[in-house]
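To start, the structure itself, in structure tokens.
Derivation of every value follows stated rules applied to the coordinates shown; laboratory data play no part. Computed from a predicted structure; not experimentally measured. With ideal geometry, Cβ positions are generated from the backbone for all residues, glycine too; neighbour counts draw on all protein chains shown.
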Amino acid sequence: MSDVLLEVNNLSVDFYIPKKDSIFPFKKDIVTAVNNVSFQMQKGEVLGIVGESGSGKSTIARAIIGLNKSTSGSVKLNQQELTDLHAHQLRLARKDMQMIFQDPLASLDPRMTLGNIIAEPLKIYEPELSKQERRKKVEEMLERVGLSKNMINRYPHEFSGGQCQRIGVARALVVRPQLLICDEPTTALDMTIQAQIIELLQQINREFNMAILLITHDFRVVAGMCEHVLVIQHGKQVEYSDTLSLFCQPQENYTKELLASIPRLPD
Ligand SMILES: Nc1ncnc2c1ncn2[C@@H]1O[C@H](COP(=O)(O)OP(=O)(O)OP(=O)(O)O)[C@@H](O)[C@H]1O
Ligand SMILES: [Mg+2]
């Protein structure tokens with residue numbers, strides 16, 4: 001069996017936005033947010049995506065999971081092409097790939113209890129589970145991400161940013177996806193809390209051999225966690241290499257500039 005989990009080939013994403021200063025609403029400007037990006041992930045691999053703000057990192061992630069429609073190119077998960085799936089087929093395929101977001105509180109429904117938030121993916125993907133079985137899984141998950149099962153009936157606004165991100169991780173993890181996409185999961189958190197969330201993601205990666213696609217601005221995290229790195233600038237990939245080579249022998253000027261902007265390089 002192949003060890004390749006995700007294959008992205010020549011992925012492009014265009015957005016059409018109303019033309020500035022035009023009186024004709026049908027005239028659109030094209031923004032090419034992602035331009036011919038290709039990379040692969042092995043099962044259990046951690047891949048980092050770095051690049052300045054607006055370079056297209058989130059759009060790549062959203063196109064993989066189907067939240068943004070690709071304009072061209074291919075995305076294969078376990079050799080299954082995802083870009084031409086119908087909505088309900090894509091929904092099924094999403095069991096194997098889950099995503100967590102930059103703003104943990106905003107990504108949780110404020111009207112739902114923790115128990116219901118974490119149980120929701122189970123209701124979709126494992127409808128055969130009884131209520132008790134579901135509750136047991138939710139409780140296990142809460143404890144696994146460092147929360148308490150006594151919190152099951154509480155609401156997101158009662159928790160800190162770090163705790164909300166743990167809830168997001170629990171919701172993503174409960175269906176045991178093979179790929180976890182993390183879009184700047186720690187940017188909105190304090191330094192110490194950031195380290196705890198990264199530690200949790202590393203544990204999950206090892207424990208479940210779960211591949212992680214990690215979008216980050218933090219090169220210390222890249223150095224500590226990622227096996228390969230994809231550098232994106234203006235929607236194009238400027239460098240794609242193993243992490244050690246990227247730090248020791250960056251090939252492109254843009255990568256050198258990014259690395260030079262780090263206050264102190266990790267060893
Ligand atoms: N829904 C959308 N409609 C129109 N343009 C969009 C949309 N989403 C993103 N863009 C544009 O696509 C480009 C890439 O945006 P994206 O959010 O992917 O960047 P990013 O690398 O994730 O940035 P950041 O580091 O700030 O999160 C930007 O120019 C952005 O304005
Ligand atoms: Mg982004």
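Can you give the extra length, in nm with one decimal, that the chain gains between Gln132 and Ser160 once fully stretched, where that is 0.36 nm per residue apart less the Cα-Cα distance?
Working: separation 28, 0.36 × 28 = 10.08 nm, distance 2.82 nm.
Here the answer is 7.3 nm.
Can you list residues whose amide H is under 5 Å from Thr83's amide H, if they're 5+ apart or on another chain and H is modeled 1.01 Å from N?
For Thr83, the qualifying residues are Val75.
Apply the Karplus parameterisation 6.51 cos²θ - 1.76 cosθ + 1.60, with θ equal to phi minus 60°, to every residue of the range 238-247 and state each ³J(HN,Hα) to the nearest whole Hz, in sequence, with x for glycine and proline.
9, 7, 9, 8, 6, 4, 4, 4, 4, 6
Would you mind calculating the relative contact order of the range 6-131 from Cα pairs under 8 angstrom and at least 6 residues apart, reporting the percent as a whole number?
On the way: 143 pairs, mean separation 30.8, N = 126.
24 percent.
Helix 161-173 versus the longest principal axis of the chain: what is the Cα-based angle in degrees, 0 to 90, to the nearest 10?
90
Taking only DSSP H segments of four or more residues, each worth -39500 (n - 2.57), what value at 222 nm results for the chain once the sum is divided by all its residues, to the nearest 500 deg cm²/dmol? Numbers along the way, then the final one.
Working: 9 runs with 94 residues, N = 267.
Computed mean residue ellipticity for the chain: -10500 deg cm²/dmol.
Taking only C-alpha pairs under 8 Å that are 6+ residues apart, what is the relative contact order of the chain in percent?
Working: 490 pairs, mean separation 66.6, N = 267.
Here the relative contact order equals 25 percent.
Which of the pairs Lys28/Lys236; Lys43/Lys236; Lys69/Lys123; Lys27/Lys256; Lys43/Lys123; Lys57/Lys256 have their Cα atoms more than 28 Å apart in this structure? Could the numbers behind the result be given before it?
On the way: Lys28/Lys236 22 Å; Lys43/Lys236 25 Å; Lys69/Lys123 26 Å; Lys27/Lys256 39 Å; Lys43/Lys123 26 Å; Lys57/Lys256 19 Å.
Long pairs (Cα-Cα over 28 Å): Lys27/Lys256.
What's the local net charge at Glu143, with K and R +1, D and E -1, over the other residues with C-beta under 14 Å away? Could you put the intermediate results ahead of the total?
Values: positive: Arg135, Lys136, Lys137, Arg144, Lys149, Arg166; negative: Glu139, Glu140, Glu207.
Once positives and negatives cancel, what remains is +3.
Between beta-carbons, use under 14 Å as the cut-off and find the net charge around Glu257, counting Lys and Arg +1, Asp and Glu -1.
On the way: positive: Lys256; negative: Glu52, Glu239, Glu252.
For residues surrounding Glu257, the net value is -2.
With N set to the number of residues, divide the alpha-carbon radius of gyration of the range 1-120 by 2.2 N^0.38 Å and report two decimals. It would help to have the intermediate numbers written out before the result.
Details: Rg = 17.0 Å, N = 120, 2.2 N^0.38 = 13.6 Å.
The reported ratio for this selection is 1.25.
So for the range 145-267, averaging the separation of alpha carbon pairs under 8 Å that are six or more residues apart and normalising by length, what relative contact order in percent results? Kindly include the intermediate steps, with their values, before the conclusion.
Working: 106 pairs, mean separation 21.7, N = 123.
Normalised by residue count, the contact order of the range 145-267 is 18 percent.
Using all C-alpha to C-alpha distances in the range 92-148, build P(r) with 10 Å bins and read off the rounded percent in each one.
The distribution over the range 92-148 is 21, 52, 27, 1, given as percents.
From the P(r) of the chain, can you give the percent of Cα pairs sitting at distances over 31 Å?
Numbers: 10203 of 35511 pairs.
Value for the chain: 29 percent of Cα pairs lie more than 31 Å apart.
Just add up the charged neighbours of Ile17: K/R +1, D/E -1, any other residue whose Cβ is under 9 Å from the Cβ of Ile17.
Details: positive: Lys19, Lys20, Lys28; negative: Asp29.
My count for the surroundings of Ile17 gives +2.
Would you mind checking the tilt of helix 114-125 against the longest principal axis of the Cα atoms of the chain, expressed as 0 to 90 degrees and rounded to 10?
Result, in degrees: 70.
Amide H of Val238: which non-local residues (sequence gap of 5 or more, or other chain) have their own amide H closer than 5 Å, using H built in the peptide plane?
Placed amide hydrogens put Val231, Ile232, Gln233 under 5 Å from Val238.
Using amide H atoms built 1.01 Å from N in the peptide plane, name the residues 5+ places from Val13, or on other chains, whose amide H lies under 5 Å from its own.
For Val13, whose amide H was placed from the backbone, the distant partners under 5 Å are Ala33, Val34, Asn35, Asn36, Thr71.
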